Amino acid sequence: MQAPDHSHIPSSTRPVLRLKPREGRRVRAGAPWVFSNEILLSPEHKALQPGSLVEVVGDDGRAFGTFCFNPKTLIALRRLDPDPRAVIDMAWFMMRLSRALAIREALYERPYYRLVHAEGDGLPGLVVDRFGDVLIVQITTAGMDALLPQLTDALRQLLAPAQIMLRGDAQARLLEGLKPEVRTLHGPDLSDRLVVEENGVRYRADLVHGQKTGWYFDQRDNRAFMAGLARERSVLDCYTYAGGFALLAAKGGAREVVAIDSSAPALALAEEAAVANGVAERCQFLKADAFEELDRLAAERERFEVVIADPPPFVRARKDLEAGAKAYRKLARAAAGVTASGGFLLLASCSHNISLERFAQECAIGIERAGREAALLRQAGAGPDHPAHPMLPETAYLKTLVYALS
Ligand code: SAH
């Protein structure tokens, strides 16, 4: 559903939504969210288009700013600006985007990073990944969707990119009433091969058909950490995708790298990049189910000095928590089972719906059941181009644990 372009409407005519008495604990503390049960909704409010811009005030009259509103979602209001009269136009986007860009330019030498990470960059519902002069935009809220023209203009003005593509195929869009949509917003259509520079490796990504925005920048620092451990060691990368961990380990001097994935197109990207980076002789790519392959390797008494397991999310929805937790435990056990004595093991979860505590607990039990003693060396999340809003710690989804095994 497309919300109308309402950015030009004078702010004073914006609808005003009121918090229920004593409600809005989080927004009062500074969080940019208001939940649907925290507001009084008249029939007119309920009839507003998803994505409409509104003002929010407390029952005490306190103004909380300019929000986008969706009458259909649990997070009903997401703050765009603390100023209730803010004009949300191209200039507004330029300001937010410039701030996000300045942070990335301080962090990275090359223009390959997540440029916008939603609430963490004050832009709810928006993710922008930058691959040199190509930008991939993901929109997951009706509010941001309605502002797409202003956003696109601002991105063009700020970065003069050759191409901007919308990857509007995230599941979260459905909750907001948005249809899946993948299309070119600016420039010629993207080809299905693109170079991603990261940690000195030139990877290949398919930004058109690939998963999410086509590349997982979030593991950048963890890849570098593991590559440091992998020097002159043997490496097993169980869910390699386009070779994120595997190729950096190979380039960093790993003796041999076995990389598994169930997706043939992902493996093709990894193999192509292995050749381009001159590490193909030390890499072996295997299309397989990770659990089956781990069982097979264990049965053959194969061991690797570094094992990496960064799987797809096992807990996709809250109701899957117990089943997913069990799967993480099983994976920890299987991965520990093929880790050589004195070796290193990385276990990761990108599920929003499992806490760090629970994930770490399942990993610990799995390793213990493999009959191994472990020391937890490192506990890390996504890289700093994935900032979290300080009042929304739960949006930090990535959990990565690195162990030394006995
Ligand atoms: N570690 C990667 C990201 C992994 S994403 C990186 O650093 O970029 C998860 C990957 O797991 C996807 O490539 C997906 O194709 C793969 N996958 C999903 N189910 C699988 C299975 N059962 N066995 C092996 N790979 C699987």
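How much mean residue ellipticity at 222 nm does the chain get from its helices, if each DSSP H run of length 4 or more adds -39500 (n - 2.57) and you divide by all residues, to the nearest 500 deg cm²/dmol? Mind dumping the intermediate values first?
Values: 12 runs with 121 residues, N = 406.
Computed ellipticity for the chain at 222 nm equals -9000 deg cm²/dmol.
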Notebook entry, point to check: Each residue of segment 365-382 in order: what ³J(HN,Hα) in whole Hz does its phi give by Karplus 6.51 cos²θ - 1.76 cosθ + 1.60, θ = phi - 60°, with x for Gly and Pro?
Noted result: 5, x, 5, 4, 5, 7, x, 10, 8, 9, 10, 7, 8, 8, 10, 9, x, 6
Notebook entry, point to check: Under the Karplus relation 6.51 cos²θ - 1.76 cosθ + 1.60, θ = phi - 60°, what is the ordered set of whole-Hz ³J(HN,Hα) values for segment 388-396, x standing for Gly and Pro?
Noted result: 9, 5, x, 8, 10, x, 6, 7, 7
Next item on the list: Could you calculate the contour length gain from residue 29 to residue 179, that is, 0.36 nm times the residue separation minus the distance between their Cα atoms, to one decimal place in nm?
Entry: 50.7 nm
Checklist line | Charge-dipole axis of the chain as Lys and Arg at +1 and Asp and Glu at -1 on Cβ define it, positive-most pick from 150, 276, 17 | finding: 17
Margin query: Taking the number of other C-beta atoms within 10 Å as the exposure measure, put 226, 94, 165 in order starting with the fewest.
Written below: 94, 165, 226
Margin query: Modelling each spin label as a point 7 Å along the Cα-to-Cβ direction, I'd like the residue 99/residue 170 distance in nm, to one decimal.
Written below: 1.9
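If you place +1 on the Cβ of every Lys and Arg and -1 on the Cβ of every Asp and Glu, how big does the dipole about the Cα centre of segment 164-254 come out, in debye to the nearest 20?
Working: 13 positive and 12 negative charges, 29 e Å.
Dipole size: approximately 140 debye.
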Margin query: Given R₀ = 25 Å, what would the calculated FRET efficiency be for residue 60 paired with residue 91, taking r from the Cβ atoms and rounding to 0.05?
Written below: 0.20
Note to self: With the crude spin-label approximation of a point 7 Å out along Cα→Cβ, what separation in nm comes out for residue 375 versus residue 110?
What the structure shows: 3.4
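Mind checking the full-extension length gain between residue 326 and residue 296? Use 0.36 nm per residue of separation minus the Cα-Cα distance, one decimal, nm. Can you show the working numbers first?
Values: separation 30, 0.36 × 30 = 10.80 nm, distance 2.04 nm.
Full-extension gain reported as 8.8 nm.
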Check: Which distance in nm do the two modelled labels at residue 156 and residue 37 give, with both placed 7 Å along the Cα-to-Cβ direction?
Finding: 4.5
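Taken together, the values in this text are just the output of simple stated rules run on the coordinates, not laboratory data. On a predicted model such as this, the values are computed, not experimentally measured, just so you know. No Cβ is skipped: glycine too gets one built from the backbone with ideal geometry, and neighbour counts run over all protein chains shown.
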